[in-house]
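Each remark here refers to the structure printed beneath this line.
The values are calculated or read from the model by the stated rules, or taken from the named source; none is laboratory data. Computed from a predicted structure; not experimentally measured. Cβ sites come from the backbone with ideal geometry, for glycine too, and all protein chains shown count toward neighbours.
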Ligand code: ATP
Ligand code: MG
Ligand code: FE
């Protein structure tokens with residue numbers, strides 16, 4: 001099988017090709033600059049830009065992969081922005097019809113969840129996955145393909161959202177997560193004792209809105225200077241990292257699993273990566289990440305998910321639909337692999 005993957009759930013247009021030999025090509029266009037002036041993603045602008053960018057991206061990856069004969073087209077069916085998703089779904093349906101190949105709509109978060117499998121030494125099932133992105137903060141027990149048990153989630157802001165909102169408070173632009181992380185490297189992580197939300201309580205849920213409020217108060221009540229801002233950034237990041245590390249260790253203990261996998265945009269955070277590896281070494285669990293480029297949205301993870309679910313592809317336009325909301329635990333293993 002050789003699968004073309006298409007991603008358009010939010011503000012990244014992307015295409016990739018995955019086959020027996022692994023990832024054959026991938027390309028991406030980020031809309032970050034397009035939305036920067038608005039301080040957030042503008043759905044209508046996102047949809048229109050996907051229309052402009054997807055076809056050239058697809059042509060590029062097909063050429064880069066040596067124009068192989070495609071056996072299926074996987075696209076992100078949801079969750080995400082409805083208009084943006086519909087562009088990808090329509091492009092997938094169109095290609096499916098014109099090339100006479102079947103199409104499959106895949107789950108964006110399953111893509112993130114499986115993205116560490118794109119690397120050279122992929123983790124084996126089962127594993128605990130920490131999904132930390134712009135819209136999600138989830139701890140998931142991954143027993144196998146399509147067998148996902150939700151262990152914990154954020155009851156309010158997602159981690160990436162907390163990074164972005166805190167960055168905004170510090171005038172770092174949008175989306176400010178990477179800029180905040182960069183600023184944190186020159187700050188003192190012990191300068192402020194920000195709350196470690198929900199650490200004292202048992203359970204695996206998260207909450208990040210109180211932390212954001214604490215940062216807001218610290219900025220309001222303190223002097224502004226480059227060093228003061230860096231100290232706030234570092235202390236914020238430390239509070240997030242401590243919280244995530246503690247809950248991951250707790251999830252490993254609760255499940256008895258020995259592998260942790262981290263995915264989603266915040267998985268690109270170096271402080272988080274270092275702290276998780278250190279805790280894993282201490283507690284005896286391994287930690288895997290996708291490469292930085294595959295932490296944030298990409299089509300390689302969509303092509304891979306399509307490849308792993310290749311028994312499910314269907315012909316015809318009926319397969320090309322989109323859903324804005326789609327809970328991860330509604331997924332099931334591919335039919336061919338389901339226990340009989
Ligand atoms: P979802 O997948 O939940 O729909 P999304 O696709 O928008 O959301 P991703 O593209 O996976 O999310 O990740 C983007 C988020 O990751 C943003 O909030 C961004 O600020 C954050 N992020 C990216 N790099 C870093 C970093 N180095 N440190 C902290 N946060 C980061
Ligand atoms: Mg994005
Ligand atoms: Fe995403």
Inset, instruction - Confirm whether residue 271 is surrounded by fewer than 22 Cβ atoms within 10 Å (Cβ to Cβ), assigned to a helix (DSSP H, G or I) and within 16 Å of ligand 1 (Cβ to nearest atom). - result: yes
Legend entry - Flag if residue 234 is touching a helix residue (DSSP H, G or I) at 6+ places or on another chain (Cβ under 7 Å), surrounded by 17 or more Cβ atoms within 10 Å (Cβ to Cβ) and on the phi < 0 side of the Ramachandran plot: yes
Inset, instruction - Read through the list (1) within 16 Å of ligand 2 (Cβ to nearest atom); (2) surrounded by fewer than 21 Cβ atoms within 10 Å (Cβ to Cβ); (3) modelled with pLDDT of 95 or more, then give the number of the only condition that residue 6 fails. - result: (2)
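Go through the residues of the stretch 68-80 one by one and say whether even a single one is free of Cβ contacts under 8 Å to residues at least 40 places away in the same chain and more than 21 Å from the chain's Cα centre (by Cα). Explain how you work it out, then say what you get.
Start the filter on the stretch 68-80 by keeping residues that are free of Cβ contacts under 8 Å to residues at least 40 places away in the same chain, which leaves none.
No - not one qualifying residue is present in the stretch 68-80.
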Inset, instruction - Please state which one of 28, 55 is crowded, with 18+ Cβ neighbours inside 10 Å and either more than 16 Å from ligand 2 (Cβ to nearest atom) or closer than 20 Å to residue 106 by Cβ (or both). - result: 28
Inset, instruction - From (1) closer than 22 Å to residue 291 by Cα; (2) surrounded by 13 or more Cβ atoms within 10 Å (Cβ to Cβ); (3) away from ligand 3 (no atom under 16 Å from the Cβ), pick out the condition that doesn't hold for residue 14. - result: (3)
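Tell me yes or no: at least one residue of the stretch 288-303 is away from ligand 2 (no atom under 16 Å from the Cβ), under 27 Å from residue 73 (Cβ atoms), touching a residue at least 24 places away in the same chain (Cβ under 8 Å) and part of a helix (DSSP H, G or I).
Of the stretch 288-303, the ones away from ligand 2 (no atom under 16 Å from the Cβ) are 288-289, 291, 303.
When the remaining residues are screened for being under 27 Å from residue 73 (Cβ atoms), the result is 291, 303.
Then keep just the ones that are touching a residue at least 24 places away in the same chain (Cβ under 8 Å); that gives 291, 303.
Imposing the further condition that a residue be part of a helix (DSSP H, G or I) reduces the set to 303.
Yes, some residue in the stretch 288-303 is away from ligand 2 (no atom under 16 Å from the Cβ), under 27 Å from residue 73 (Cβ atoms), touching a residue at least 24 places away in the same chain (Cβ under 8 Å) and part of a helix (DSSP H, G or I).
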Inset, instruction - Say whether the condition of being assigned to a strand (DSSP E or B), touching a helix residue (DSSP H, G or I) at 6+ places or on another chain (Cβ under 8 Å) and within 16 Å of ligand 2 (Cβ to nearest atom) is met by at least one residue in the stretch 243-264. - result: yes
Inset, instruction - Residues that are away from ligand 1 (no atom under 16 Å from the Cβ): find the helices (runs of 4 or more DSSP H) completely inside the stretch 2-116 holding 2 or more of those. - result: 43-64, 82-99
Inset, instruction - With respect to residue 286, determine if the residue is farther than 26 Å from residue 206 by Cα and either away from ligand 1 (no atom under 16 Å from the Cβ) or surrounded by fewer than 19 Cβ atoms within 10 Å (Cβ to Cβ) (or both). - result: no
Inset, instruction - Answer yes or no: is there a residue in the stretch 148-159 that is within 15 Å of ligand 3 (Cβ to nearest atom), at pLDDT 95 or above and assigned to a helix (DSSP H, G or I). - result: yes
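Do we find that residue 331 is modelled with pLDDT of 95 or more, surrounded by 15 or more Cβ atoms within 10 Å (Cβ to Cβ), within 16 Å of ligand 1 (Cβ to nearest atom) and within 23 Å of residue 153 (Cα to Cα) in this structure?
Numbers: modelled with pLDDT of 95 or more: yes; surrounded by 15 or more Cβ atoms within 10 Å (Cβ to Cβ): yes; within 16 Å of ligand 1 (Cβ to nearest atom): yes; within 23 Å of residue 153 (Cα to Cα): yes.
Yes.
Checking the conditions here, which among 306, 280 is assigned to a helix (DSSP H, G or I), under 24 Å from the mean Cα position of the chain (by Cα), without any contact (Cβ under 8 Å) to a residue 60 or more places away in the chain and surrounded by 17 or more Cβ atoms within 10 Å (Cβ to Cβ)? Lay out the reasoning, then the answer.
Values: 306 fails: without any contact (Cβ under 8 Å) to a residue 60 or more places away in the chain.
Within the list 306, 280, the selection yields 280.
Determine whether the stretch 106-125 contains at least one residue that is under 26 Å from residue 210 (Cβ atoms), in contact (Cβ under 8 Å) with a residue 60 or more places away in the chain and over 11 Å from the mean Cα position of the chain (by Cα).
Keep residues of the stretch 106-125 that are under 26 Å from residue 210 (Cβ atoms), which gives 109, 112.
Okay, now just the ones that are also in contact (Cβ under 8 Å) with a residue 60 or more places away in the chain, so 109, 112.
Applying the additional criterion that residues be over 11 Å from the mean Cα position of the chain (by Cα) yields none.
Scanning the stretch 106-125 turns up no residue that is under 26 Å from residue 210 (Cβ atoms), in contact (Cβ under 8 Å) with a residue 60 or more places away in the chain and over 11 Å from the mean Cα position of the chain (by Cα).
Hey, among 22, 78, 66, which residue is away from ligand 2 (no atom under 13 Å from the Cβ) and farther than 23 Å from residue 295 by Cβ?
It is 66.
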